[in-house]
Amino acid sequence: MRPALVVIGASTAIGLAAAAWLAARRGRLLRPSTRQVISLMGLGRFFRGLGGLHFYIYGRWPVAYVRFARTCLVRLFGRRLKRWAADRYHGKVLQHQQARALVTINREIVCEDLKRVIPYRTARKLILRQPLEIVAFPCPCRLSRPVHCQPVDVCLIVGRPFTQFMLEHHSGRCRQITQAEALEIIDAEHRRGHIHSAWFKDVCLERFYVICNCCKCCCGGIEAMVRYGFPMLASSGYVAEVDWQQCHGCGQCVELCPFEAIGLHQVAQVRWEACMGCGLCAQRCPAGAIGLRQDASKGEPLDVTVL
């Protein structure tokens, strides 16, 4: 049997066993946020396959989960898990203003089909409801590294039941913040040269749930994509272009690009297929030689003001 199928089959068996045991006792053992997720999803769906158990394990022990996935799971089952994993847990690269818009939108947003924005089999729903709740949470990717970037509380959990789950299970490690505080975190990470991404999961009501502020040295999603070829991130919908007459060939963009999409051959050259349109190169180019253009073949931007 294929290794990936063994993992999936084992998780299904564990899920069914856990469902039988927890069904009668969940009111005593589970906290309100977990019961809310089970109620919204239904008990069968919560415990089927990797489903709800995957959400619970990831949310309950995020640092250990990311460390295990980065150091063991990807290396052992990489080839067989690539598309399967990406279909169930993936992100969308955001321009800086798009990230700001996601936390400042002041009306209910429910987009049912984002397949041009999020080109995956599942998790194509965007739900933002008022009042908007945001929790700042320590980045599991950074904390999973022995040496990591600072600060760490840069993951922004958005909306219930996820905010409630994190506050209940990680009291003292995360905090509820205002929209203004969320914008301060996004802007500060932008100034550090880090990229923004919105993450989706197949479980948890198939919806967007967190804005990550990612550095190329710590982010597990970027590492899985660049080093192992996992299609974890979807393009912002833009691609970088270099004005060769303006380019000085300084190479700053080559060092900065988290996706290794730029090479230097006297002047900077962008590899179209690798560029995720994060915009870092355009924003940091000292000569102003790099711009972004929207590219329909890269998908549509996640722009809530348009969606």
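Quickly run through the range 115-126 and pick out the residues that are modelled with pLDDT of 80 or more and either touching a strand residue (DSSP E or B) at 6+ places or on another chain (Cβ under 8 Å) or buried (at least 22 other Cβ atoms within 10 Å of the Cβ) (or both). Lay out the reasoning, then the answer.
Filtering the range 115-126 for residues modelled with pLDDT of 80 or more gives 115-120, 125-126.
117, 118, 119, 120, 125, 126, listed by residue number.
Does residue 53 satisfy being crowded, with 19+ Cβ neighbours inside 10 Å, in contact with a helix residue (DSSP H, G or I) (Cβ under 7 Å, 6 or more places away or on another chain), within 30 Å of residue 279 (Cα to Cα) and modelled with pLDDT under 85?
No: the conditions fail for residue 53.
Looking at (1) outside any loop (DSSP other than H, G, I, E, B); (2) of a type in the set (A, V, I, L, M, F, W, C); (3) without any contact (Cβ under 8 Å) to a residue 12 or more places away in the chain, which is the only condition residue 147 fails?
Of the numbered conditions (1) outside any loop (DSSP other than H, G, I, E, B); (2) of a type in the set (A, V, I, L, M, F, W, C); (3) without any contact (Cβ under 8 Å) to a residue 12 or more places away in the chain, the odd one out for residue 147 is (1).
The rows are residues; the columns are (1) within 29 Å of residue 88 (Cα to Cα); (2) among the aliphatic types (A, V, I, L, M).
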position	(1), (2)
169	yes, no
195	yes, yes
207	yes, no
226	yes, yes
244	no, no
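Hey, could you check the range 127-150 for residues that are among the hydrophobic types (A, V, I, L, M, F, W, C) and modelled with pLDDT under 90 and say which is farthest from residue 90 (Cα to Cα)? Explain how you work it out, then say what you get.
Within the range 127-150, the first condition is being among the hydrophobic types (A, V, I, L, M, F, W, C), and the residues that meet it are 127-128, 132, 134-137, 139, 141, 143, 147, 149.
Subset that is modelled with pLDDT under 90: 127-128, 132.
On the way: 127: 16, 128: 18, 132: 22 Å.
Within the range 127-150, the match that is farthest from residue 90 (Cα to Cα) is 132.
Hey, among the residues in the range 200-237 that are touching a Lys or Arg at 6+ places or on another chain (Cβ under 6 Å) and assigned to a strand (DSSP E or B), which one's farthest from residue 299 (Cα to Cα)? Quick ask: steps written out before the conclusion?
Applying the first criterion (touching a Lys or Arg at 6+ places or on another chain (Cβ under 6 Å)) to the range 200-237 yields 202, 206-207, 218, 220, 222, 230, 234-235, 237.
After this cut, where a residue has to be assigned to a strand (DSSP E or B) as well, the list is 207, 234.
Details: 207: 18, 234: 8 Å.
That would be 207.
Would you be able to say whether some residue in the range 238-257 is in a loop (DSSP other than H, G, I, E, B), closer than 24 Å to residue 87 by Cα and in contact with a strand residue (DSSP E or B) (Cβ under 8 Å, 6 or more places away or on another chain)?
So far as the range 238-257 goes, no, none of its residues is in a loop (DSSP other than H, G, I, E, B), closer than 24 Å to residue 87 by Cα and in contact with a strand residue (DSSP E or B) (Cβ under 8 Å, 6 or more places away or on another chain).
Taking the conditions exactly as written (touching a residue at least 24 places away in the same chain (Cβ under 8 Å) and over 29 Å from residue 144 (Cα atoms)), does residue 238 satisfy them or not? Please lay out each step first, then the result.
On the way: touching a residue at least 24 places away in the same chain (Cβ under 8 Å): yes; over 29 Å from residue 144 (Cα atoms): yes.
Against the criterion (touching a residue at least 24 places away in the same chain (Cβ under 8 Å) and over 29 Å from residue 144 (Cα atoms)), residue 238 qualifies.
Tell me yes or no: at least one residue of the range 94-114 is touching an Asp or Glu at 6+ places or on another chain (Cβ under 9 Å), under 25 Å from residue 35 (Cα atoms) and either surrounded by fewer than 19 Cβ atoms within 10 Å (Cβ to Cβ) or in contact (Cβ under 8 Å) with a residue 60 or more places away in the chain (or both).
No, that holds for no residue.
The values are calculated or read from the model by the stated rules, or taken from the named source; none is laboratory data. This structure is a prediction, so every number in the text was calculated from the model and none was measured. For neighbour counting, all protein chains shown are included, and Cβ atoms are generated from backbone atoms with ideal geometry for every residue, glycine included.
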